[in-house]
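K.L.:
Mind having a look at this structure? Questions to follow.
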Amino acid sequence: MRKLYLSRKVDELKPSGIRKFFDIAATMDNVVSLGIGEPDFTTPPPILEAGVQSLYQGETHYTSNHGLIKLREALAAHLENLYNVHYNPNDEIVITVGGSEALYLSANALLEPGDEVIIPTPCFVSYQAEVTLAGGVAVEVPSRFEDDFDLDIQAISAAITPRTKAVLINYPNNPTGAVASREKLLKLSQLAEKNDLIVISDEIYDRLIYGMEHTCFPALPNMRERTVLIGGFSKSYAMTGWRIGFAAAPVEILKGLVKVHQYTVMSAPTISQYAAITALKQCDQFVQQMRKEYNSRRNLIISGLKYIGLPIVEPFGAFYAFPKVSNTGLNDEVFAQRLLDEKRVAVVPGSSFGKGGKGFVRCSYATAPDQIEEALDRIQQFVSSL
Ligand SMILES: Cc1ncc(COP(=O)(O)O)c(C=O)c1O
């Protein structure tokens, strides 16, 4: 028998359900996609300009491992202004290759083999894989439609074992659009203290929130000391391709993240770091404009899905709607596959996002309103044909 070249953990890792689906969609004509998880806007002009200028000024070298100090200072000031949480820019912030790298660093710096990480699901597709690749065990705790996909504190509490090292949360949430209530986050903070757990809080959609206030987890009482805050520029500033994000954590934890970072990527892209300084310092009005536009698309898609008769929890954050499709008699994978085959609309089956996503599909509204309207028409035809 031939030797297995790949490590067992990589060999056994399932490819992302999203990718599989989009590879199929890409081969078809006339597809309306509600599948993408990224802004359709181009990066705001001052940010583009700052990136270009940095190149002409010869800023084409590595930066310090932590990232440009000017960027870390701007980020520390930004977090202090918005959430009243203080990070020392010198040694408590690292600039990363997107929020994705910040997740990778957290898992690899924190986990011993066999350490368990509790993850409320449905969740971003990378979470379970990042934990597994770092040698940990991902323990999924489904969030419930009936609770508006808020944290299920009882279920989280029941999932804690002596091997639990961390809880990995994401609000506003991909794929549900849920914003956790402050009350539940406070309860989670009490659980974390009682059981000495770290909380990895991925707040990459913090600025994309509609008619609600974002609660920054490390700003809750005593939480700064046991939280790794993950954030980024991809979503708020429409900068997915620039590959830039950050992690902030108390110095002892951040030191570990930076060790992994320096041996993995050295430093985040320099051009993107210069661009990000301008994003933070000059581009708030663009964030507000994009948020306003997402909000009107959000209203369009929610009222359309309700009209079609698909049950939905109103999403107050990110740019996703997550209707329940199981009442149609189809499971989410068959629903998405048939919707694509028969009506050429791409949505993502909820089970790609973990156990809690079964029976739902994710519809991204980070796409033009006429596309959303066309997709809604086709979904209506599809549902009424069942
Ligand atoms: C919840 C969540 N976290 C992290 C990321 C990664 O973003 P990036 O690496 O572009 O910063 C995404 C991207 O879709 C996301 O949805």
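The values are calculated or read from the model by the stated rules, or taken from the named source; none is laboratory data. Source: prediction; values computed, not measured. Positions of Cβ are generated from backbone atoms using ideal geometry, with glycine treated the same way; all protein chains shown enter the neighbour counts. Ligands, DNA and RNA are stripped out before the accessible areas are found, and what is left, the full protein with its side chains, is counted by its heavy atoms. Shrake-Rupley method; radii C 1.70, N 1.55, O 1.52, S 1.80 Å.
K.L.:
Starting from the Cα of residue 144, move 7 Å in the Cα-to-Cβ direction to define the label point; list residues of the range 330-365 whose amide nitrogen is under 17 Å from there.
P.N.:
From the range 330-365, the list is 355-360.
K.L.:
How big is the gap, in Å, between the Cα center of the range 359-386 and the Cα center of the range 246-305?
P.N.:
28
K.L.:
In addition: Given q = 0.06, 0.10, 0.13 Å⁻¹, what are the Debye log10 I(q)/I(0) values for the chain, with equal point scatterers placed on the Cα positions and solvent ignored?
P.N.:
-0.23, -0.65, -1.10
K.L.:
Using a 10 Å cut-off on Cβ atoms, rank the peptides 233-245, 206-218, 42-54, 176-188 from the highest mean neighbour count down. Intermediate values should be presented prior to the final figure.
P.N.:
Values: 233-245: 23.2, 206-218: 18.9, 42-54: 17.2, 176-188: 21.0.
Packing proxy ranking, top to bottom: 233-245, 176-188, 206-218, 42-54.
K.L.:
Tell me, what HN-Hα J-couplings in whole Hz come from the Karplus equation 6.51 cos²θ - 1.76 cosθ + 1.60 at θ = phi - 60° for each residue of the range 273-289, using x for Gly and Pro?
P.N.:
5, 5, 4, 5, 4, 5, 4, 5, 8, 10, 10, 4, 5, 5, 4, 4, 5
K.L.:
Now for a separate question. Using a 7 Å offset from the Cα along the Cα-to-Cβ direction at both residue 59 and residue 338, what is the distance between the two label points in nm, to one decimal?
P.N.:
If labels sit at residue 59 and residue 338, their model points lie 5.3 nm apart.
K.L.:
Between the range 184-237 and the range 24-66, what is the C-alpha centre distance in whole Å?
P.N.:
The range 184-237 and the range 24-66 have Cα centres spaced 26 Å from each other.
K.L.:
Moving on. Could you list which residues have their amide H under 5 Å from that of residue 149, counting only those 5 or more apart in sequence or on another chain, with H placed in the peptide plane?
P.N.:
Amide H neighbours of residue 149, under 5 Å, 5+ apart: 144.
K.L.:
Treating cross-link reach as a plain straight distance, find the lysines whose alpha-carbon is under 21 Å from the alpha-carbon of residue 3, omitting any fewer than eight places away in the same chain.
P.N.:
Cα-Cα hits under 21 Å: 14.
K.L.:
On the accessible surface of the chain, probed at 1.4 Å, how many percent belong to carbon and sulfur atoms?
P.N.:
On the way: 8480 of 16780 Å².
Carbon-and-sulfur percentage of accessible area, whole number: 51.
K.L.:
Roughly how many debye, to the nearest 20, is the charge dipole of the range 254-386 about its Cα centre, given +1 on each Lys and Arg Cβ, -1 on each Asp and Glu Cβ, and no other charges?
P.N.:
Working: 16 positive and 11 negative charges, 110 e Å.
Using only the charged Cβ atoms, the result is roughly 520 debye.
K.L.:
Still on this model: What does the accessible area per residue of the chain come to in Å², with a 1.4 Å probe and no ligands, DNA or RNA counted? Intermediate results must be reported in sequence, preceding the final value.
P.N.:
Numbers: 16780 Å² over 386 residues.
It amounts to 43 Å² per residue over the chain.
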